[in-house]
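Here the structure is laid out as structure tokens; the discussion comes afterwards.
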Amino acid sequence: MTEILRNAVEVHGIVKHYGETKALDGVDLTVREGTVLGLLGPNGAGKTTLVRVLSTLIKPDAGTAFVGGYDVLRQPKQLRRTIGLTGQYASVDELLSGYENLYLIGRLLDLSSREAKARAAELLERFSLTEAAKRPAKGYSGGMRRRLDLAASMIGRPKVLYLDEPTTGLDPRTRNEVWDEVQRMVGEGSTVLLTTQYMEEAEQLADELTVIDKGRVIANGGIQELKTQVGGQSLQVRPLRPEELPEMARCLHEAGIPATFSEESGLLSVHLTDEGQLTTVIGALGTRGFGIAGIDTKLPSLDEVFLTITGKSSVPAPSREKEAVA
Amino acid sequence: MSAATVTAAPALPADDTRIGLRANLRHLGALTRRNLMRIKADPESMLDALLVPVIMIVLFVYVFGGAMASNQHEYMQYMVPGLLGTTGLNLAMALGTGLNTDFQTGVMDRFRTLPIGRSAVLLSKMIAETLRAVVAFVVLIGFAMILGLDIKGGPLNLLAAVGLSLVFGASLMWVSMLLGMSLRSAQAVQGMSMLVMMPLQFGSSIFANPSTMPGWLRAFTKHNPLSALADACRALINGTPVGGSVVTVLVWAAGITVVTAPLAVARFRKRT
């Protein structure tokens, strides 16, 4: 059973500064073999910088990192044989056809000419690109391009795949195609480090999450774990008379329960920290004669979790919300 | 079942910086093939190397030729060899723009995540551009011969002229590489190269005899390496004595290489 606990990626105290900017400020993380780690963070959090360090594209200022047991600093060439990279960068050659791109990468990975041809054909087939194989990649649609990127990163049968925002800019249908492919790769035993800004993507694909912001890890764990860490459920109340929203929020405040509302959605939201609060809320509103059209409770979405952890206007106080509306 | 596929972590440290000669040659071959396919996929990129000289030959020989010399043929024998000499410079310019494009589009990053030597990436570009220049030479010489250019010096001298042009062009590849890695876009590299090339080309002995120029320009022209290159190619193709021009070109090429190659390589290593 020990092999299940092996880490495909181990990162210890990686630091990368660009002048005053601390792109990475002491990042630690691990990805267990055969799992998908979702690396979440807003733009500029350091996600891409980390992937670039782990693909030997940039050297960290401090810290150590191992991928597949290889040291990023001391064994870059062996490490490159164990990884595949698909991202916002590390692109294919637009002037070359899909087939030629894959063949080229095969040859650069030391496949024989025959092996490289066979592997290119196999991956084109698998990613439904056989028909477009001979056309220059420049004419591919966004989805085809991304599939070719994925295929390119898989030529060498990498043990560890980095997917850097693989669906950014794709329409929902294409995004689902990419997700299916990623799930299939994981099913075949690949370890995946996935960076994304989309919670939905992380929820779909990741086994575990690491949240980074301003170059630091601010949370990590399983998705459920993070949700409970943020705690509680969120209660949403739909009033009979939406114009009463501000008054309802004030009433709950007086009862010691912070609530927010949105005039746009016409909902009053309450962050429930213990089970008794639901009764208190309904009681307080009922006593004051506010009409309730409906209520709903749910676990916080990853978006809410994320916003709570990064501390960016997580559950805003009513006064702030009003200012925002005004 | 998975236990069998798990391999032990390799011992540290391992010297993995060496890539065998055979692997290096294979990478070089694959990358050169890629660069040649890029030229094939983008034939317009040959226009700079072919169409511009063709237009210049036609324009200068037939528009100015009669005024510049006693007849057009005489001017052709004067001007065309010098212009052919600059064909080697096109390969240098294309290297910088090509490199810039690879960095900009992320193709370079893809290569850098592969277990190949970075020198192969650079060398393959140089080989492809040299091959492109050779094709340009064949077409331009053929075109000029159809128009009536005499290779009085014979085929060996012609080869020597082509070789000299390539050697000088190769020395400028490093300058082009520096531009390619310093400027933001391929268009900027191209524009900058044009900006440098235009005065050098016209302020030389390629199109007109410097003795007809004012003193300040003559001084510039005299020390312009393109004048030496044009003089050398002209002498070789016309079978007249080359004098010191060939040596001057080689000294310039060596000088440019010694100064710019280490800078370019250092910058390339830093960025890759």
What is the number of the single condition among (1) under 26 Å from the mean Cα position of the chain (by Cα); (2) surrounded by fewer than 22 Cβ atoms within 10 Å (Cβ to Cβ) that A:Asp149 does not meet? (2)
Please find, within segment B:119-129, the residue that is farthest from the other protein chains (Cβ to nearest Cβ) out of those that are small (Gly, Ala, Ser) and touching a helix residue (DSSP H, G or I) at 6+ places or on another chain (Cβ under 7 Å). B:Ala128
Of (1) free of Cβ contacts under 8 Å to residues at least 60 places away in the same chain; (2) within 20 Å of B:Met68 (Cα to Cα), B:Arg234 satisfies all except one. Which? (1)
For the subset of segment A:263-274 comprising residues that are in a loop (DSSP other than H, G, I, E, B) and not polar (S, T, N, Q), which member is modelled with the highest pLDDT? A:Gly266
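Per-residue answers, yes or no, for (1) of a type in the set (Gly, Ala, Ser); (2) modelled with pLDDT under 85:
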| position | (1), (2) |
| --- | --- |
| A:Asn176 | no, no |
| A:Trp179 | no, no |
| A:Met185 | no, yes |
| A:Arg216 | no, no |
| A:Thr228 | no, yes |
| A:Ser234 | yes, yes |
| A:Val237 | no, no |
| A:Pro246 | no, no |
Residue ID - farthest from B:Leu178 (Cα to Cα), chosen from residues in segment B:225-261 that are buried (at least 21 other Cβ atoms within 10 Å of the Cβ) and polar (S, T, N, Q): B:Ser245
How many residues are small (Gly, Ala, Ser) and in contact with a Gly (Cβ under 8 Å, 6 or more places away or on another chain) when one looks only at segment A:28-72? 5
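Looking at segment A:214-223, is at least one residue without any contact (Cβ under 8 Å) to a residue 24 or more places away in the chain, of a type outside the set (A, V, I, L, M) and out of contact with any His (no Cβ under 8 Å at 6 or more places or on another chain)? Can you show your working first?
Initially, segment A:214-223 is screened for residues without any contact (Cβ under 8 Å) to a residue 24 or more places away in the chain, giving A:221-222.
Subset that is of a type outside the set (A, V, I, L, M): A:221-222.
With the extra rule that they be out of contact with any His (no Cβ under 8 Å at 6 or more places or on another chain), the set shrinks to A:221-222.
Looking for residues that are without any contact (Cβ under 8 Å) to a residue 24 or more places away in the chain, of a type outside the set (A, V, I, L, M) and out of contact with any His (no Cβ under 8 Å at 6 or more places or on another chain), one finds at least one in segment A:214-223, hence yes.
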Answer with yes or no whether A:Gly34 is more than 12 Å from chain B (Cβ to nearest Cβ), at positive phi, surrounded by fewer than 24 Cβ atoms within 10 Å (Cβ to Cβ) and not in a strand (DSSP E or B). no
Hey, among the residues in segment B:69-118 that are within 14 Å of chain A (Cβ to nearest Cβ) and of a type in the set (Ser, Thr, Tyr), which one's nearest to B:Pro210 (Cα to Cα)? B:Thr97
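The values are calculated or read from the model by the stated rules, or taken from the named source; none is laboratory data. As the structure is a computational prediction, the values presented were derived from the model and not from experiment. Neighbour counts run over all protein chains shown; Cβ positions are idealised from the backbone, glycine included.
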